[in-house]
Amino acid sequence: MTSHAVAVERQVLADSLLRCGPWYCTHDDAALVSHAEAQARHVAQEAAAVSDVVLAYQRAVRRVERHQLTPPADYGHRGGLARMGCPLWWRRQLRRLNARRLEQRARILGRVSKRVGIYCSNAGYRARREQQARNLHLLETVTATNQDGQVYTLAELAKLGMANPDNRRAELMLRIADTEAEARRLGHVSMFYTLTCPSRMHPVSTRPNIRPNPKYDGTDPREAQAYLNGVWRRTRAKLAREGIGIYGVRVVEPHHDGTPHWHLLLFMEAADKARATRILRDYACEADAGELRSGTARRARFDSTTIDYSRGTAAGYVAKYVCKNINGRQFCEVDHYGQPMETSAPRIEAWASTWGIRQFQFVGLPSVTVWRELRRLDAEIIADWEALTRPDPEAAAILAEVHRAADAGLWDKFLREMGGPMAGRLGQPIKPWRVVRQGAEPTLLDASTGELTHDQQGRYGEPVAGTWGVTVTSATGEAEYLTRRYRWEIAAKAAPIVVDLEGLRGGAAAAPWTGVNNCTPGHFRRVRESREGVRGRFYGFRFMGHAEAKGKISAWERSMLFEYWAADSFRRMYPAADPGHVAELRAENVEPLHAYQVANVTRRIEREERQRRRELIEQGREAVLDWFLAGEITQQQAAEVLTA
């Protein structure tokens, strides 16, 4: 196949991604929001028109599938129908689909590489920045108030948690460094592995220079991530069957063309190192083994390195990968491709957000949720809670030891107290305590008992569960500890009152409302200093007369008097219309509801008919192009048909 034919084939494949049933992918977010609201409205209308919930659910599922979206599962018919009838649900689904289709189209057309848009396309990066700006604006306009009367914006609260990149990086590095310290205490070895995808999953080839990869099969980053997950899943199952234990962290980052690859920092016993490495290599090199004829090709697919503690630590080795994938600060200034970290890190974050790829995941280690919940507590709060609840003494002793480690920021000691590396979830003494959120007033009717409950309902009418604390399990009993002490009320932030001081200047004539000013300067000054009914230190006012003040009138006061007079003069010159006459006019112009509905349906049918005609024309164009590429018609014949 010639290079021109390859280019045409790629263009056809890229353009085919834009059509998602009734939706055509675009960068216009306003059009997307409008389409989402229309689809939710249609689902709600169809559900209201039929009495059978199952039938309405099936119709809504077909509408969702026509958009090449995945219908909501595991929520039942009513829960799924409530989601498909919600504009916010449609907006989230369409934005995710739209962003991924546009990004994959850019990858197919070669617009994602170290020469053009590294890691993600420039358009995708701009869209992510705009989304972050919208999110930040929303967080700044919403306030949270607790029972103590403390008021914060959601943006201020977000900076205190893991949404803050600095906090996230610090916690990751602490967990990695202390896990390494515990591994060295146990005498375990550290291994660093790199896994990449086969060549057919990369849209761009870099050898001998950057060019489209002729082997590329259209795999997107999520599909490539699923392939790597499959390799890791088979590896872990094989290691478990052979009784080899491993623990550590996995980091996912993109190649310059957006294809993901993995870095694994794993700790294990020295006797298991060779076997574990062999198993991981066999599964990593299993797919497309024919292209791995040279040592360079095999190392590009799978590479392993033993951490030499005489040259450095494992945490130091992996630190650059952590910083590169969060905010690009500290440890290094440029990435693997020579790009500044300040610009590379936001593009990597945009790539991970667009494709929904989890960048960091720990393996064989205790729950970080328990760690974070315990760090919310202090000794005084624990003492007050135990005085009220009187928990099991052995459970209280376990919590005291684990909390002491978490409160001091000692992840290695926390790891030991939670059962050590590779301890199963059932063997860990502390777990998150999740309960259904409760409201002050009963709002939900329990169908089984007929009683009103205090369970809070979510947007879709279902009870909302959340983490409220931790559950401690001992040999003699179980105890719950509350860590969420505040109840928050969420409300929109009041808009500030803005006064344009520059526009309220006194002592000079203001800009006229029209192009003509009919007032002479002297008369204008007299009018501005007049106002009937103004109270305060002014008295003896007559309309269009002069003001007699107790003191000197400031420019601000003169301008305010003029504003009062202008408003009163306008009301005198243009009185309000007669309410009875207004009611008659409204009654005459009210369109009957049936006529409005008929017109609305007619417009929708005409719009759908125009859309079908455009689709038929596009299908005909594609068919002519296929005939031309297959040699069935000449270029002149194709041009005559396409321009007819």
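The values are calculated or read from the model by the stated rules, or taken from the named source; none is laboratory data. Only a predicted model underlies this, so the values are computations on that prediction, with no experimental measurement involved. Reconstructed Cβ throughout: ideal geometry from the backbone, glycine too, with neighbour counts over all protein chains shown. Heavy atoms of the whole protein, side chains included, go into the accessibility calculation; ligands, DNA and RNA do not. Shrake-Rupley method; radii C 1.70, N 1.55, O 1.52, S 1.80 Å.
Things to note:
- Qualifying residue in region 133-142 (condition: surrounded by fewer than 14 Cβ atoms within 10 Å (Cβ to Cβ), among the basic types (Lys, Arg) and farther than 19 Å from TRP488 by Cβ): yes
- Condition check for ILE348: closer than 30 Å to LEU97 by Cβ, in a loop (DSSP other than H, G, I, E, B) and open to solvent by less than 60 Å² (accessible area, probe 1.4 Å): no
- Across region 55-85, the qualifying residues are those that are part of a loop (DSSP other than H, G, I, E, B) and surrounded by 19 or more Cβ atoms within 10 Å (Cβ to Cβ), and the one among them that is farthest from the chain's Cα centre (by Cα) is GLY85.
- With respect to the conditions (1) in contact (Cβ under 8 Å) with a residue 12 or more places away in the chain; (2) open to solvent by 20 Å² or more (accessible area, probe 1.4 Å); (3) among the aliphatic types (A, V, I, L, M), LEU266 lacks only one, and its number is (2).
- For ARG404, the conditions (1) basic (Lys, Arg); (2) farther than 18 Å from GLY477 by Cα; (3) modelled with pLDDT under 95 are fulfilled apart from (3).
- Just one of (1) touching a residue at least 60 places away in the same chain (Cβ under 8 Å); (2) open to solvent by less than 10 Å² (accessible area, probe 1.4 Å) fails for THR389. It is (2).
- If you go through region 462-518 and pick out every residue that is part of a strand (DSSP E or B), modelled with pLDDT of 85 or more, surrounded by 13 or more Cβ atoms within 10 Å (Cβ to Cβ) and under 35 Å from the mean Cα position of the chain (by Cα), you end up with 10.
- Residues of region 90-105 that are hydrophobic (A, V, I, L, M, F, W, C) and farther than 14 Å from PRO22 by Cβ: ALA99, LEU102.
- Only one of the listed residues (GLY458, GLY450) is modelled with pLDDT under 90 and at positive phi. That residue is GLY450.
- Just one residue in the set ARG19, ARG41 is under 28 Å from the mean Cα position of the chain (by Cα), under 18 Å from ILE605 (Cα atoms) and open to solvent by 50 Å² or more (accessible area, probe 1.4 Å); that residue is ARG41.
- Of residues in region 221-236 being out of contact with any His (no Cβ under 9 Å at 6 or more places or on another chain) and within 30 Å of ARG115 (Cα to Cα), the one least open to solvent (accessible area, probe 1.4 Å): PRO221
- Checked against (1) assigned to a helix (DSSP H, G or I); (2) open to solvent by 30 Å² or more (accessible area, probe 1.4 Å), LEU239 passes all but a single condition, namely (2).
- Of all residues in region 108-129, those satisfying the criterion of being within 19 Å of the chain's Cα centre (by Cα), touching a residue at least 60 places away in the same chain (Cβ under 8 Å) and under 22 Å from ASP28 (Cα atoms) are CYS120, ALA123, GLY124, TYR125, ALA127, ARG128, ARG129.
- Tally of residues being in a loop (DSSP other than H, G, I, E, B) and either on the phi > 0 side of the Ramachandran plot or surrounded by fewer than 21 Cβ atoms within 10 Å (Cβ to Cβ) (or both) across region 175-197: 2
- Within region 147-182, the set of residues being of a type outside the set (D, E, K, R), within 20 Å of ARG375 (Cβ to Cβ) and in contact with an Asp or Glu (Cβ under 8 Å, 6 or more places away or on another chain) comprises MET162, THR179, ALA181.
- Among the conditions (1) more than 28 Å from the chain's Cα centre (by Cα); (2) farther than 20 Å from ARG115 by Cα; (3) in a loop (DSSP other than H, G, I, E, B), PRO208 misses just one, which is (2).
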